[in-house]
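Down below is the structure, laid out as structure tokens.
The values are calculated or read from the model by the stated rules, or taken from the named source; none is laboratory data. All of these numbers come straight from a predicted model, not from anything done at the bench. Cβ placement follows ideal geometry from the backbone for every residue including glycine, while neighbour counts extend to all protein chains displayed.
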Amino acid sequence: EAAVTQSPRNKVAVTGGKVTLSCNQTNNHNNMYWYRQDTGHGLRLIHYSYGAGSTEKGDIPDGYKASRPSQENFSLILELATPSQTSVYFCASGDAGDNQDTQYFGPGTRLLVL
Amino acid sequence: QQKVQQSPESLIVPEGGMASLNCTSSDRNVDYFWWYRQHSGKSPKMLMSIFSNGEKEEGRFTVHLNKASLHTSLHIRDSQPSDSALYLCAASMGGSGGNYKPTFGKGTSLVVHP
């Protein structure tokens, strides 16, 4: 099974501070994704990447940046954190085999912005 | 932006009973559907996928897909308390164009009571 890890697992940040969430996958998948999950909204896509050096905007990219420096690593950056970004964040990877992309999720990061 | 609608929002079934969950996409270009299961406090894990019209069975789980109506359903027979979880439906266009990014529904919360 695909191995996707995230760090930190829990984070408390202050409003206006910078937050970086990290994701690492060891299965050589091309595609990586960042989602947030909030009650009543399900999983919403923030940014995604089809390979090292590429990032694409998802459905709710405002207030977030992403970085894919290597095949294994994909970071989500909140330059100026706001309380509305309090959420659970999931990273996922996918190998896009057979023209479809089953998602393998990391354990999640709980972010609280005060 | 395609939408994925799931119903019902929540479902309670007795142990040993049948649970039926529904999912419909608003985008006629969608080709791929998945069902993910997320236990409380955990990350989503792919349960079943279906890409062709018809039915697919794996143990107690059966998935149906009608591409004409863009509707998929998940049926769990002989439900167990361990099946209690949030069930998320996802859909994507996929394909050689590389548009792999999935859209998730808000989920159905299933409770199986002993």
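Just wondering, is there one or more residues in segment B:91-100 that are touching a residue at least 12 places away in the same chain (Cβ under 8 Å) and touching a Ser or Thr at 6+ places or on another chain (Cβ under 6 Å)?
Here is the first cut: in segment B:91-100, the residues touching a residue at least 12 places away in the same chain (Cβ under 8 Å) are B:91-95.
When the remaining residues are screened for being touching a Ser or Thr at 6+ places or on another chain (Cβ under 6 Å), the result is B:91.
Yes, the conditions are met somewhere in segment B:91-100.
Restricting attention to segment A:39-68, and to residues there that are away from chain B (no Cβ under 14 Å) and farther than 25 Å from A:Val12 by Cα, which single residue is surrounded by the most Cβ atoms within 10 Å (Cβ to Cβ)?
This residue is A:Ala52.
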Any idea how many residues of segment A:82-114 are more than 12 Å from A:Ser49 (Cα to Cα), more than 9 Å from chain B (Cβ to nearest Cβ) and buried (at least 22 other Cβ atoms within 10 Å of the Cβ)? 2
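Right, B:Ser109: within 12 Å of chain A (Cβ to nearest Cβ), polar (S, T, N, Q) and buried (at least 19 other Cβ atoms within 10 Å of the Cβ) or not? Don't jump to the end; show me each part of the working.
Values: within 12 Å of chain A (Cβ to nearest Cβ): yes; polar (S, T, N, Q): yes; buried (at least 19 other Cβ atoms within 10 Å of the Cβ): no.
Against the criterion (within 12 Å of chain A (Cβ to nearest Cβ), polar (S, T, N, Q) and buried (at least 19 other Cβ atoms within 10 Å of the Cβ)), B:Ser109 does not qualify.
When you scan segment B:1-25, how many residues do you find that are assigned to a strand (DSSP E or B) and farther than 19 Å from B:Ile50 by Cβ?
Number of matching residues: 5.
Return the residues of segment B:66-77 that are among the basic types (Lys, Arg) and surrounded by fewer than 17 Cβ atoms within 10 Å (Cβ to Cβ); say none if nothing qualifies.
Answer for segment B:66-77, where residues must be among the basic types (Lys, Arg) and surrounded by fewer than 17 Cβ atoms within 10 Å (Cβ to Cβ): just B:Arg77.
Between B:Val30, B:Val63, which is surrounded by 16 or more Cβ atoms within 10 Å (Cβ to Cβ), farther than 12 Å from B:Leu110 by Cβ, among the aliphatic types (A, V, I, L, M) and at pLDDT 95 or above?
Exactly one residue qualifies, and that residue is B:Val63.
Condition (residue is touching a residue at least 24 places away in the same chain (Cβ under 8 Å), at positive phi, buried (at least 16 other Cβ atoms within 10 Å of the Cβ) and not hydroxyl-bearing (Ser, Thr, Tyr)) applied to segment A:70-77: is it met by at least one residue? Give the derivation first.
Our first condition is that a residue be touching a residue at least 24 places away in the same chain (Cβ under 8 Å); within segment A:70-77, this holds for A:71-77.
Pick out the ones that are also at positive phi and you get none.
No, the conditions are met nowhere in segment A:70-77.
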